[in-house]
1. How compact and how long is the stretch 9-62, expressed as Rg and Dmax of its alpha-carbon atoms in Å?
2. Let me check I have the definition right: for the stretch 99-223, take the eigenvalues of the Cα gyration tensor, multiply each by 5, take square roots. What are those semi-axes in whole Å, largest first?
3. Step by step: find N for the stretch 26-121, compute 2.2 N^0.38 Å, then divide the Cα radius of gyration by it. What's the final number?
4. Send over the Kirkwood Rh of the stretch 127-190, from the inverse of the averaged 1/r over different Cα pairs, rounded to one decimal Å.
5. What is the P(r) of the stretch 77-128, as percent of Cα-Cα pairs per 10 Å bin from 0?
6. Could you work out the local net charge near Val148, counting Lys and Arg as +1, Asp and Glu as -1, over the other residues with Cβ closer than 14 Å to its Cβ?
7. What is the spin-label model distance, in nm, from Thr92 to Arg214 if the labels are put 7 Å beyond Cα along the C-beta direction?
8. Find which of Val136, His113, Val191 sits farthest along the positive direction of the dipole of the stretch 111-223, computed with +1 on the beta-carbon of Lys and Arg, -1 on that of Asp and Glu, about the Cα centre.
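All of the numbers you see were taken from the coordinates with simple rules; none came from a lab. Bear in mind that the values here come from a model prediction, so they are computed numbers and not experimental data. For neighbour counting, all protein chains shown are included, and Cβ atoms are generated from backbone atoms with ideal geometry for every residue, glycine included.
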Amino acid sequence: MRIDIISVMPELLESPFSHSILKRAKTKGLLEVNLHHLRDYSTQKQKQVDDYQFGGGAGMVMMVEPLVNAIESLQKEVTYDEIIYLTPDGKTLNQRIANTLSLKGNLLMICGHYKGIDERIREHYVTLEISIGDYVLSGGELAAAVLVDSIGRLLPGVLNDETSALFDSFQDDLLAPPVYTRPEEFRGWKVPEVLLSGDHRKIEDWRHEQALKRTQERRPDLL
Ligand code: 6GU
């Protein structure tokens, strides 16, 4: 999968993609993430990418032309399956959306800043608008990092234990059950007996029961 990201602060995105799972995905050649600085596509002397909004009011708007230049120049290289705009008024990200996007080939993400991008970009280029929750971030970069992480870890071959994404919270609309590791007892706090029993059928039943209980208690809206 190839993901291109257009941003006015691409530096914000360098670190999250250089570690752990996403780093592994890149090293294995399963994921390519390219950061593009919007300023590089400005045709103005001052490399301006934002301007005052028509109609007045506080806050700058990201201009049409640099974004069109960036998008169209990338489109000469690749055909995108989705052009995604990260925005608080987009569709709230969930596991289903991440699953769907992980099956695509090429994605372009546009990070908004200031008051957002000129509406004409949304009308003429953007195919999907994503928010990561009902709160406001100062820009779309951290949201893009969240989205790329949620997609990248689902690519076949990225996770070491290939089955482990299948047991994530939300993957089957249930929260994940509790987990334990050594030692069996610490300060008198014991690991549930069933997990030490070696009876895989019983363990599976217990985990499902715990997942249901946890979901009922914490997220009844999922059931
Ligand atoms: Cl995608 N962008 C911004 N600026 N704030 C957000 C968001 C995105 N998702 C939730 N809050």
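1. Gyration radius and largest Cα-Cα distance of the stretch 9-62: 16.7, 50 Å.
2. Details: eigenvalues 311, 57, 41 Å².
They are 39, 17, 14 Å, listed from largest to smallest.
3. Working: Rg = 15.3 Å, N = 96, 2.2 N^0.38 = 12.5 Å.
Scaled against compact globular proteins, the figure is 1.23.
4. On the way: mean 1/r = 0.0658 Å⁻¹.
Taking every pair of different Cα atoms in the stretch 127-190, averaging 1/r and inverting gives 15.2 Å.
5. Values per bin, smallest distances first: 22, 54, 24, 0.
6. Details: positive: Arg2, Lys23, Arg24, Lys26, Lys104, Arg153; negative: Asp4, Glu14, Glu32, Glu82, Glu141, Asp149.
Result for the neighbourhood of Val148: 0.
7. About 2.1 nm separates the two model spin labels.
8. Val191
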